[in-house]
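The values are calculated or read from the model by the stated rules, or taken from the named source; none is laboratory data. Computed from a predicted structure; not experimentally measured. All Cβ positions, even for glycine, are placed from backbone atoms using ideal geometry, and neighbour counts span all protein chains on display. In case anyone asks, the SASA skips ligands and DNA or RNA and just uses the protein heavy atoms, side chains included. Shrake-Rupley method; radii C 1.70, N 1.55, O 1.52, S 1.80 Å.
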Amino acid sequence: MLKGKTVVLGVTGSIAAYKIAGLTSRLVKLHADVHVIMTENAANFIHPTTFESLTGNKCMIDTFDRNFQFHIAHVSLAQRASVLLVAPASANMIAKLACGIADDMLSTTALAMTCPVIVAPAMNVNMYHNPVVQDNLEKLEQYGKIVIPPDHGYLACGATGDGKMPSEEVLLDYILREIACEKDLKGKKILVTAGPTREAIDPVRFLSNHSTGKMGYAIARQAMLRGADVTLISGPVSLTPPPFVQVISVVSAADMFHAVIRHYEEQDMIIKAAAVADYTPLETAEDKLKKKDGELSIPLKRTQDILKWLGEHKKKGQVLCGFSMETKDMLENSKKKLESKKADLIAANSLKEAGAGFAADTNHLILIGQEEITDLPMLSKDEAAGRLLDTLLEIWNCSTSSICHGSDSPTLAAFWKETT
């Protein structure tokens, strides 16, 4: 995921420095070329050999170390860097970065950086809230640096409050957002629905389905990594929300419909990956229904067809994608869905195909457009999400391009052929 990227990690004197070893390992597993710069005080908390063993690169501390393999180390590394993360960032280092002081290897290299710079403060709660430190953090943000808010919790000094460095997972998310993908969706607003809905029978029971939300969450995450402004409307799932995404939690089909119509107008793309219930109980009992002898019938009524409503109210320039989970006649049913819902694309898959159903980490999607069908191979859901977004971006580019308009314009299929 990070092959060809150079990640520079700046480590300052803080007990939280131990977390950077785990982060370094994860970055190396993603094939990043990782270089670690430590302050002299940081070496009191974790030994440079740790980072050298993990990265295969010499850990830099001394600005004037003549054993480096490239000339003027801080300038050479700054030119190669894809991103710099300073974590943990002490109050002293934050002040240096904010004021342009360059008196050690880390601050000197940071000053020469033209790539994104991310700063993760870690310190005592009173130090963190000191107005001088807060002013310096605001100054960094004004200069275009990215500041990661610290966690609230028990600190090494024994106090409890703000100042705890976030987990390595959070730090990694910030790095991935900056460099993992080309930002070909930057400036676009994308709405994704995901997960099942629950239709209450009584306060205890509900009707639902086996959707886990994995596909929709993968789409939201990949769109975020590619620079989109993502809104995720999610039914009840057991997944960690993707970072840097606006998540709106809903329960029923009616809840999801109302959330969608509140946000759909401003979207460039809408991807309906949720498995929304087609029927809901005609009435919901206020108290738990008790067991009785004999059979029980529950009258049902149709829920609002969200995809159809979106197709009928689609704004100019919007691209609409629906999903179709079938057990038979998948292509025929999905083509009908494309036309009846006035969608631009239907992503179809079969529940009966191993690896393509609910709860799996893989999926086999067939992308059915107005004039072209693309049969994707079995992919991880992240990869499938990326391929789906590729196709939707092509459709969006076509819908807004002059070559796709007018009586002499090529068909959508011709446009795809031309662009690929």
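Quick rundown of the values:
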item	result
The range 306-316 - phi-based ³J(HN,Hα) in whole Hz, Karplus 6.51/-1.76/1.60, Gly and Pro as x	5, 5, 4, 4, 5, x, 6, 10, 4, 7, 4
At R0 = 22 Å, FRET efficiency that the Cβ-Cβ distance of Ser25 and Glu141 yields, to 0.05	0.15
Where labels lie 7 Å past Cα in the beta-carbon direction, separation of Ala359 and Tyr279 in nm	2.4 nm
Chain lengthening between Ile261 and Thr240 when straightened (0.36 nm per residue, less Cα-Cα)	5.1 nm
Charge dipole (the chain, unit charges on Cβ, about Cα centre) - positive-most of Gln142, Ile261, Val247	Ile261
Residues of the chain: accessible area per residue with a 1.4 Å probe, Å²	49 Å²
Sites Ala159 and Glu326, calculated FRET efficiency, Cβ-Cβ separation with R0 56 Å, nearest 0.05	0.45
Angle between the chain longest axis and helix 131-142 axis [Cα atoms, degrees, rounded to 10]	60 degrees
Whole-percent carbon and sulfur share, accessible surface of the range 306-411, 1.4 Å	49 percent
In nm, spacing of pseudo-spin labels at His210 and His152 (7 Å Cα→C-beta vector)	4.1 nm
Förster radius 25 Å - calculated FRET efficiency between Lys183 and Ser76, Cβ distance, rounded to 0.05	0.45
Within a Gaussian network of the chain (alpha carbon springs, distance under 10 Å), most fluctuating of Leu307, Leu232, Leu289	Leu289
Carbon/sulfur fraction of accessible area - the range 182-270, other protein chains in place, 1.4 Å, %	50 percent
Integer Hz, Karplus 6.51/-1.76/1.60 couplings in order for the range 100-115, x for Gly and Pro	x, 7, 10, 10, 8, 4, 5, 5, 5, 5, 4, 5, 8, 6, 10, 7
Between 0 and 90°, nearest 10: helix 19-29 axis offset from the chain longest Cα axis	60 degrees
Highest to lowest packing among 190-202, 152-164, 96-108, 308-320, scored as the average C-beta count within 10 Å	190-202, 96-108, 308-320, 152-164
Asn44-Ser297 pseudo-label distance in nm [points 7 Å out on the Cα-to-Cβ vector]	8.0 nm
Of Pro131, Val75, Gly4, farthest towards positive along the dipole that unit charges on Lys, Arg, Asp, Glu beta carbons give the range 1-141	Gly4
